[in-house]
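The values are calculated or read from the model by the stated rules, or taken from the named source; none is laboratory data. Since this is a predicted model, take the numbers as computed values, not measurements. Heads up, the Cβs are rebuilt from the backbone with ideal geometry, glycines too, and the neighbour counts pull from every protein chain shown. For the accessible areas, the whole protein counts, side chains as well, though only heavy atoms, and no ligand, DNA or RNA atoms are used. Shrake-Rupley method; radii C 1.70, N 1.55, O 1.52, S 1.80 Å.
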Amino acid sequence: MNALFGRGSGALAERMGIEFFELSPERSVATMPVDGNTQPFGIVHGGAYVVLAESLGSFAANIFAGAGRVAVGIEVSASHTGSASSGTVTGVCTAIKLGRTLTVHEIAISDASGRRLSTVRITNFIKDL
């Protein structure tokens with residue numbers, strides 16, 4: 001990742017324990033531990049799901065943007081449909097549209113048993129540096 005962007009995954013992603021396993025414009029995969037990312041009720045905070053998803057979607061869009069361009073998030077929406085109280089959650093980011101100036105990705109976040117917990121969509125604007 002440092003080779004791609006020269007700055008690693010970012011302080012927030014590192015603080016939340018996000019680990020990237022696959023990075024491409026079309027598909028990216030990362031995990032995040034439940035421990036340390038929970039709300040007072042002991043389940044993953046909805047904002048933590050969004051951080052995982054936005055990290056995946058932004059990296060995928062920036063890889064697509066290429067040298068001399070940058071992708072910046074302009075819209076994100078999330079629907080949380082389940083909760084996790086232990087273990088690790090996995091985000092799988094899939095491209096919906098890879099255009100000249102816009103990308104749209106959907107991120108499905110699941111628990112270890114494959115049960116979907118959150119669905120997030122992010123739109124990024126690609127601009128020249």
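When only residues in the range 120-129 that are over 11 Å from the mean Cα position of the chain (by Cα) and modelled with pLDDT of 95 or more count, which is most open to solvent (accessible area, probe 1.4 Å)? Filtering the range 120-129 for residues that are over 11 Å from the mean Cα position of the chain (by Cα) and modelled with pLDDT of 95 or more, the one most open to solvent (accessible area, probe 1.4 Å) comes out as 128. Per this entry, residue 83 is not counted among residues that are open to solvent by 60 Å² or more (accessible area, probe 1.4 Å), hydroxyl-bearing (Ser, Thr, Tyr) and farther than 14 Å from residue 18 by Cα. Which residues, counting only those in the range 25-51, are more than 12 Å from residue 106 (Cα to Cα), in contact (Cβ under 8 Å) with a residue 60 or more places away in the chain and assigned to a helix (DSSP H, G or I)? Within the range 25-51, 46, 49 meet the criteria. Looking only at residues of the range 93-118 that are open to solvent by 40 Å² or more (accessible area, probe 1.4 Å) and β-branched (Val, Ile, Thr), we find that the one that is farthest from residue 20 (Cα to Cα) is 101. Kindly check whether there is at least one residue in the range 5-14 that is open to solvent by 60 Å² or more (accessible area, probe 1.4 Å), acidic (Asp, Glu) and assigned to a helix (DSSP H, G or I). Yes, because at least one residue in the range 5-14 is open to solvent by 60 Å² or more (accessible area, probe 1.4 Å), acidic (Asp, Glu) and assigned to a helix (DSSP H, G or I). Taking the criterion of being of a type in the set (Val, Ile, Thr) and open to solvent by 50 Å² or more (accessible area, probe 1.4 Å), the residues of the range 56-75 that qualify are 72, 74. Taken over the range 52-74, the criterion of being part of a strand (DSSP E or B) and either closer than 13 Å to residue 89 by Cα or among the hydroxyl-bearing types (Ser, Thr, Tyr) (or both) is satisfied by no residue.
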